[in-house]
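Q: My questions will all concern the structure given below.
The values are calculated or read from the model by the stated rules, or taken from the named source; none is laboratory data. Here the structure is a predicted model, which is why all the values come from computation and not from measurement. All Cβ positions, even for glycine, are placed from backbone atoms using ideal geometry, and neighbour counts span all protein chains on display.
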4 protein chains.
Amino acid sequence: MNKIGVWLIGALGSISVTVMVGALLLRKGLCDSTGMVTATEPFEGLGLVPVDAMEFGGCDIRPGRLRDVVSGFLRNPSGIDPFLIGSIEGELAGIESFIYPGVALNCGESIELVAGCDMCVSCSAREEIARVTSGINEFKSVKGLDELVVVNLASTEPLIEMGHAHRDLDALERCIDSNGFESFRPSTIYAYAAIQSRSPYINFTPSTGALFPAMVELAERNGVPVMGNDGKTGETLVKSTLAPMFKYRNLEVLSWEGFNILGNMDGKVLDHPDNKRAKIQTKDSVLPRILGYSPHSQVHINYVPSLEDQKTAWDYIHFKGFLGAKMSLQFVWQGYDSLLAAPLVLDLVRLAELAHRRGEAGLMTHLASYFKDPLGVTEHRLSGQHEMLMDYVSLASQ
Amino acid sequence: MNKIGVWLIGALGSISVTVMVGALLLRKGLCDSTGMVTATEPFEGLGLVPVDAMEFGGCDIRPGRLRDVVSGFLRNPSGIDPFLIGSIEGELAGIESFIYPGVALNCGESIELVAGCDMCVSCSAREEIARVTSGINEFKSVKGLDELVVVNLASTEPLIEMGHAHRDLDALERCIDSNGFESFRPSTIYAYAAIQSRSPYINFTPSTGALFPAMVELAERNGVPVMGNDGKTGETLVKSTLAPMFKYRNLEVLSWEGFNILGNMDGKVLDHPDNKRAKIQTKDSVLPRILGYSPHSQVHINYVPSLEDQKTAWDYIHFKGFLGAKMSLQFVWQGYDSLLAAPLVLDLVRLAELAHRRGEAGLMTHLASYFKDPLGVTEHRLSGQHEMLMDYVSLASQ
Amino acid sequence: MNKIGVWLIGALGSISVTVMVGALLLRKGLCDSTGMVTATEPFEGLGLVPVDAMEFGGCDIRPGRLRDVVSGFLRNPSGIDPFLIGSIEGELAGIESFIYPGVALNCGESIELVAGCDMCVSCSAREEIARVTSGINEFKSVKGLDELVVVNLASTEPLIEMGHAHRDLDALERCIDSNGFESFRPSTIYAYAAIQSRSPYINFTPSTGALFPAMVELAERNGVPVMGNDGKTGETLVKSTLAPMFKYRNLEVLSWEGFNILGNMDGKVLDHPDNKRAKIQTKDSVLPRILGYSPHSQVHINYVPSLEDQKTAWDYIHFKGFLGAKMSLQFVWQGYDSLLAAPLVLDLVRLAELAHRRGEAGLMTHLASYFKDPLGVTEHRLSGQHEMLMDYVSLASQ
Amino acid sequence: MNKIGVWLIGALGSISVTVMVGALLLRKGLCDSTGMVTATEPFEGLGLVPVDAMEFGGCDIRPGRLRDVVSGFLRNPSGIDPFLIGSIEGELAGIESFIYPGVALNCGESIELVAGCDMCVSCSAREEIARVTSGINEFKSVKGLDELVVVNLASTEPLIEMGHAHRDLDALERCIDSNGFESFRPSTIYAYAAIQSRSPYINFTPSTGALFPAMVELAERNGVPVMGNDGKTGETLVKSTLAPMFKYRNLEVLSWEGFNILGNMDGKVLDHPDNKRAKIQTKDSVLPRILGYSPHSQVHINYVPSLEDQKTAWDYIHFKGFLGAKMSLQFVWQGYDSLLAAPLVLDLVRLAELAHRRGEAGLMTHLASYFKDPLGVTEHRLSGQHEMLMDYVSLASQ
């Protein structure tokens, strides 16, 4: 069995921890694969990389050791049975040495607070890229890995204004050469390094600094499959499931108001208006695309520390029916943020490896169902997106 | 423009009233067609009968005049603007004389209370059939109608045990001849009369006394399209929309508990355990069909008079995710029962007429999305059912 | 029966309209007194002014006629039976001529948009006061009124910074003389004019420009009873009822997050950050006062036009119980804002008249239960506040 | 420090386990006293028995060992940090030998299933009483206890019809002599044995077989304080907090519908209609007593295994306001049943010991706030009940 590297950006964050813990527990038969779409029957014939074959590494801008993060995480309700951790402590310790310092340049105020100060000292963009690449290469060579997938699980970066450098590959290269930092976010550096190393890149965050058109062009040229943005795990998942009902029934959505409260690091970073804007933007495209019009709709995200990883969302949907009558549907979603995300990350690694093996490059639009704002895709209905995936699976199974 | 008859069983009930009021207001341009699926773009080229061409009649076991029912209905919050009624009073009065006494034989305790006592005097089954048929014929001839669609909007009947007479058409005929009342419900009489008169028959109720196999066979022989059971307007609509999400994400539904409260006649009749059982049965098939397994699931329906037509449902969905963590999704649905149903009734009349005109007979499975328990259909996902309808529309448009 | 004047600031707003419509319908026996606390048994022996004796007038900065406002208001779901309005059209027309132009000086951006531009032309503060006083006097003299109560039902003004002029009566007078507009809001003018005219003043809004210490001192000197701030009609009412439960049970509230959505003018004005801040401030004092500590708590108010007068609030309360376990209580409040407020306004008019008659002056602290932020009161539990009222009633009944 | 015995009926149930675990953790300083009312300031001067002084024993009809019950309980989400249990394993083992077989005679079908069959073999009533008494005495003597409080935490028994033997103490004695089993439930035996042994008896369950008038008379004669019925921990706690709001505001409650779902043994036993009736009866008295009238109100309890100890309740309150408008308040309560109950049990033991020491006998009505249906008390408002407790504390502190 060939081993595959999984390189997690934000490796000390709660989603990464859950990905690693989950994979290790699965390997030992201490949990089942509930929540992993690729564990279901239609994916059986595809020869997907087993979770057992995954080796974990990555980087983080935060100082700290994985073991402390894990035990801190488990001290709070996380949905994970803390008794199980004892059995994988050795494996977790083994990962420790492959967690490298992350990139913090131009990451925005809110994330800077999280990082140690010395992280933010500038060096040139090419040097930063080289530093990331060298970590990846070291990890691959020590572990003897043929293939590696990079997944961005870091905090949401502030929005970046799209300019020429984001639309044109040559302009991007020149911009990197001239250290045009105002056009970059850390995710730009990571994505560039990954794609140049011929590693598939998954943007599980809302950050828009990575998979802009010029970067996708680079991926296409290098034969590297990429996909994003922003893992669809909670409120937006429900939204993309429910909204078509109103369309199918010719009921007019008047207002769709969403209130999200959460208490993990994600919540803390999103409490900063710059970062929140990026997040809310990826959530915003769903309704107009599905309904064909834009109802009054605001998405609110608020940091409520006591909730920790248990995200709660209240959505109020006001709609108009026959003879102008107004009616409503409300829902309350209560889920462990990281536990919802982690199995999807394992799915995406397996499907990115498959795509790379099959010689695909550029956007993996068949993975639309995994993302809040799937790049290159106009289908926002979950059922339609699921069908896109099933069609791909059929094709790939032949 | 050829006129079409719409024969409503339970013509004095709140759905029927809303159907008639809505159609008359639409005709006068006093409301729009929100809530009618057939008013959307894909249906444009089908030459569907316009709402303007519909003439209304029907029957009810309750004594009473339509005008009193309408004004009583509007005195309570119904979602209908009561100011608009003045403009259609003449038309409503014109319908009055085409509302005939209904059939009450073996309708069960709860519905008998609603009917006047003299309704329940027995005559032979053939006589009852003839009486219904003669009302339909009179209506058609006075109004000069070529086509007529029968829609059952009456209260839910108690379940009937399926026997030989329900599976074999000859046995059914013999059973009618011998007045085997224990095998019939009023809906049996109505459906038989309708189909023998070559009129499409829609069962918008959960009552199982009409569209059993022998009756469907009769419809096929007579070239009559039929469909049922039980209009999908509220909690089940949401359920058939949401449940696939858990399937697509490989999240295991542990429990799905539904609590419905409502205060109209429907609620009152459903408060009787016999009638409730029939209702809950049509709601019960959805989850196992969509998920592929049967989670703990109970549907409760309770009569809360103060709510009147405003049905409220709370559903609590408990599910298991990655690493065994339990999470939940709750929703609260608040809608006007009759306003949700009425536009679908208009849709079904139009689509039944089309099917009849196109020479189709037996079950109209392409109408699955309209029903809680669509006969002859295993697809219970709303999106899949919607696609079935769209496929039919494409075919019929050619 | 002596008549009493009710002078409504914001007379064309939805609460005022509901107060007037409600009083007129009550007078005709077309509705009952549900929602009026003073209509219950304990208040019977107090000789309170009957609703029949109330004459309505007031002012508004918006242009427009009362009849148009009423009919516009009723065109949307307001909870009021529109059929009843016909019977009081004459009375409403009679009120029309006693609605005077309001004061708009330094009312803030958001309210200026509502007012006509010419309203904002400056004249001196004393002139504005005189203008208001002259309207009140005219109304009293034409109607032959002995007593008049002023109630502020206008939109929430932006917060004003408290300075010397707000704490010292002489400084206030000097500030008025010198047109120190930056220290005033329109509510300052109204309150000053009312108190100088020996009319009780009720601040049903969160605006802090009226009942600051210097103004209360003026009221005391003039023998005028006053009270505020901010009518307690919805979310805060529930909060002040529920919060003591956690205290009594020694359960620790970790977070109490409130999300309010509404669509009337109140909502529109509160959408402006300046005005929202004033509102949220009056809501904020409740928890710390009841619990004895300050849990994480944010109150959000958002404008959702389709809801109109139907305010909806979702509160999520996260609390810690035995052995550190976290649990939650959520509530959803759905009420017609103006219908909740209006009967309380009628109560307050009756109780202010009583207090004035009894020779009371300054803050009517026994009315604490009516206000979100009751001035001069530290008791925030609804039950305790209710007892304060009952104690007063016992005393006044002797 | 004098030690005090706590004798738990249903000692292997989840509330008992939580009481014992909680007390042991408190003693070790591994948790705080959140949720214990007697841990707050007003109780400081009363000389209440410290939790450290409590020794635990009891009985159960279920076979099984405490250690297995604890570890089974902790395997599921219980809100208890499972890491803490290791530190109290020795203490738990020490309790094991003081858990005696319980009484199962005439306990009803549903509880019989829980008990082992041989438990249900009949012996005479006096023999059963003697058996219970002997267990209590053995425990007291081995542990050297001066005082012991009996708390019933067993499953809800089916209702028993009240007859002469329940109203007259002599008749009760004769009935016991003649083995009139149809008039007894196990709780009758327990209460009789406790009171005869001069031990205070707390009925934390809805079972009506213990504290009927004749038994209270026995308690008075023996100088023993007793109290019940049914610990107020969740939905009813909220109900008795919220309902006064509607009364205070003169808002008419039209309907109050409650839906409870839970998955522990309590839920399983309550799934049987006989037992459910007893439970619902204790919940039913609250609204009429507080409001002064009986709105439409049904309380539903349903067994949903996946929820385990996490009880969830949805209440829908429909109310009428000014001008007849209908509005609503909904709440969702999500709490760990046993964690809510356990600290109250510790409170009640402390307060029963105090009452006994102070020479009080019969019903402890000052403990009304702890019970859904407080015997001998008409005050159902939580705030009023809390005041009764505070008044008692003031008196006892003198």
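Q: So which residues in segment B:39-92 are more than 20 Å from the chain's Cα centre (by Cα) and polar (S, T, N, Q)?
A: Correct list: B:T40, B:S71, B:N76, B:S87.
Q: Under 9 Å between Cβ atoms, at least 6 apart or on separate chains: pull out the pairs that start in segment B:379-390 with a residue that is closer than 15 Å to B:L237 by Cβ and more than 9 Å from chain A (Cβ to nearest Cβ) and end on any residue that is surrounded by fewer than 21 Cβ atoms within 10 Å (Cβ to Cβ) and small (G, A, S).
A: B:H380/B:S285
Q: In contact (Cβ under 8 Å) with a residue 60 or more places away in the chain, touching a strand residue (DSSP E or B) at 6+ places or on another chain (Cβ under 7 Å) and closer than 30 Å to C:G263 by Cα, is that true of A:L251?
A: Criteria met by A:L251.
Q: Related question: Go through C:S338, C:S306 for me and flag whichever is of a type in the set (S, T, Y), more than 10 Å from chain D (Cβ to nearest Cβ) and under 26 Å from C:A11 (Cα atoms).
A: The conditions single out C:S306.
Q: Kindly establish whether A:K247 is closer than 26 Å to C:H318 by Cβ, over 15 Å from the mean Cα position of the chain (by Cα) and not small (G, A, S).
A: no
Q: Go through segment C:155-197 and give me each residue that's part of a loop (DSSP other than H, G, I, E, B) and free of Cβ contacts under 8 Å to residues at least 60 places away in the same chain.
A: Answer for segment C:155-197, where residues must be part of a loop (DSSP other than H, G, I, E, B) and free of Cβ contacts under 8 Å to residues at least 60 places away in the same chain: C:I160, C:E161, C:M162, C:G163, C:D168, C:S178, C:N179, C:G180.
Q: Got a sec? Which helices (runs of 4 or more DSSP H) wholly within segment D:242-347 have at least 3 residues that are more than 30 Å from D:V21 (Cα to Cα) and modelled with pLDDT of 90 or more?
A: Because the criterion is at least 3 residues that are more than 30 Å from D:V21 (Cα to Cα) and modelled with pLDDT of 90 or more, the helices (runs of 4 or more DSSP H) in segment D:242-347 that meet it are D:286-291.
Q: Pick out the one residue from C:N203, C:N179 that is within 29 Å of D:K247 (Cα to Cα) and polar (S, T, N, Q).
A: C:N203
Q: Now for a separate question. Is there a residue in segment D:165-176 that is in contact with a strand residue (DSSP E or B) (Cβ under 7 Å, 6 or more places away or on another chain) and closer than 20 Å to D:V377 by Cβ?
A: no
Q: May I ask you to list the residues in segment A:239-267 that are touching a helix residue (DSSP H, G or I) at 6+ places or on another chain (Cβ under 8 Å) and either assigned by TED's automatic domain parsing to the domain that holds A:M364 or among the acidic types (D, E) (or both)?
A: Residues satisfying the conditions are A:E252, A:D266.
Q: Then there is this: What do you reckon, is B:L346 in contact (Cβ under 8 Å) with a residue 12 or more places away in the chain, surrounded by 24 or more Cβ atoms within 10 Å (Cβ to Cβ) and within 10 Å of chain A (Cβ to nearest Cβ)?
A: Considered against the rule, which asks whether it is in contact (Cβ under 8 Å) with a residue 12 or more places away in the chain, surrounded by 24 or more Cβ atoms within 10 Å (Cβ to Cβ) and within 10 Å of chain A (Cβ to nearest Cβ), B:L346 comes out as yes.
Q: From the list D:T188, D:T205, pick out the single residue that is more than 18 Å from D:K372 (Cβ to Cβ), among the polar types (S, T, N, Q) and buried (at least 24 other Cβ atoms within 10 Å of the Cβ).
A: Of D:T188, D:T205, the one residue that is more than 18 Å from D:K372 (Cβ to Cβ), among the polar types (S, T, N, Q) and buried (at least 24 other Cβ atoms within 10 Å of the Cβ) is D:T188.
Q: How many of the residues making up segment A:200-244 are closer than 20 Å to A:L105 by Cβ and among the hydrophobic types (A, V, I, L, M, F, W, C)?
A: 6
Q: Moving on to the next point. Search segment A:247-279 for residues being acidic (D, E) and within 21 Å of A:S110 (Cα to Cα), and hand back the single one that is nearest to the other protein chains (Cβ to nearest Cβ).
A: My answer is A:D271.
Q: Would you say B:A325 is over 26 Å from A:A325 (Cα atoms) and not assigned by TED's automatic domain parsing to the domain that holds B:M215?
A: It is true that B:A325 is over 26 Å from A:A325 (Cα atoms) and not assigned by TED's automatic domain parsing to the domain that holds B:M215.
Q: Out of all the residues in segment A:355-362, is one or more of a type outside the set (A, V, I, L, M, F, W, C), surrounded by 20 or more Cβ atoms within 10 Å (Cβ to Cβ) and closer than 17 Å to A:G234 by Cβ?
A: No: segment A:355-362 contains no residue that is of a type outside the set (A, V, I, L, M, F, W, C), surrounded by 20 or more Cβ atoms within 10 Å (Cβ to Cβ) and closer than 17 Å to A:G234 by Cβ.
Q: What number of residues within segment A:270-286 satisfy the criterion of being in contact with a Ser or Thr (Cβ under 7 Å, 6 or more places away or on another chain), aliphatic (A, V, I, L, M) and either closer than 20 Å to A:Q334 by Cα or free of Cβ contacts under 8 Å to residues at least 40 places away in the same chain (or both)?
A: 1
Q: Inside segment B:342-382, can you point out the residues that are in contact with a Ser or Thr (Cβ under 8 Å, 6 or more places away or on another chain) and of a type in the set (D, E, K, R)?
A: Matches in segment B:342-382: B:D347, B:R350, B:K372, B:D373, B:R381.
Results for (1) within 11 Å of another protein chain (Cβ to nearest Cβ); (2) under 21 Å from C:F371 (Cα atoms), shown as yes or no for each residue.
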| residue | (1), (2) |
| --- | --- |
| C:K3 | no, no |
| C:G10 | no, yes |
| C:A23 | yes, no |
| C:T34 | yes, yes |
| C:A39 | yes, yes |
| C:V51 | no, no |
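Q: Considering segment D:28-64 alone, what residues qualify as being aromatic (F, W, Y) and more than 18 Å from C:E252 (Cβ to Cβ)?
A: Residue satisfying the conditions is D:F56 alone.
Q: Quick test for you: out of C:I88, C:I15, pick the one residue that is touching a Ser or Thr at 6+ places or on another chain (Cβ under 6 Å) and within 13 Å of another protein chain (Cβ to nearest Cβ).
A: Every option except C:I15 fails the conditions.
Q: Considering only residues that are charged (D, E, K, R) and in contact with a strand residue (DSSP E or B) (Cβ under 8 Å, 6 or more places away or on another chain), which ones fall in segment C:47-98?
A: C:E55, C:D60
Q: Further question on the same structure: Assuming B:R289 fulfils every condition listed in (1) under 17 Å from D:E257 (Cα atoms); (2) in contact (Cβ under 8 Å) with a residue 60 or more places away in the chain apart from one, which condition is it?
A: Result: B:R289 passes all but (1).
Q: Can you pull out every residue in segment A:351-378 that is more than 9 Å from chain B (Cβ to nearest Cβ), closer than 17 Å to A:N203 by Cβ and assigned to a helix (DSSP H, G or I)?
A: The answer is A:L351, A:A352, A:E353, A:A355, A:H356, A:T365, A:H366, A:L367, A:A368, A:Y370.
Q: While we're on this one: What is the one condition in (1) more than 20 Å from the chain's Cα centre (by Cα); (2) on the phi < 0 side of the Ramachandran plot; (3) in contact (Cβ under 8 Å) with a residue 60 or more places away in the chain that D:G223 does not satisfy?
A: (2)
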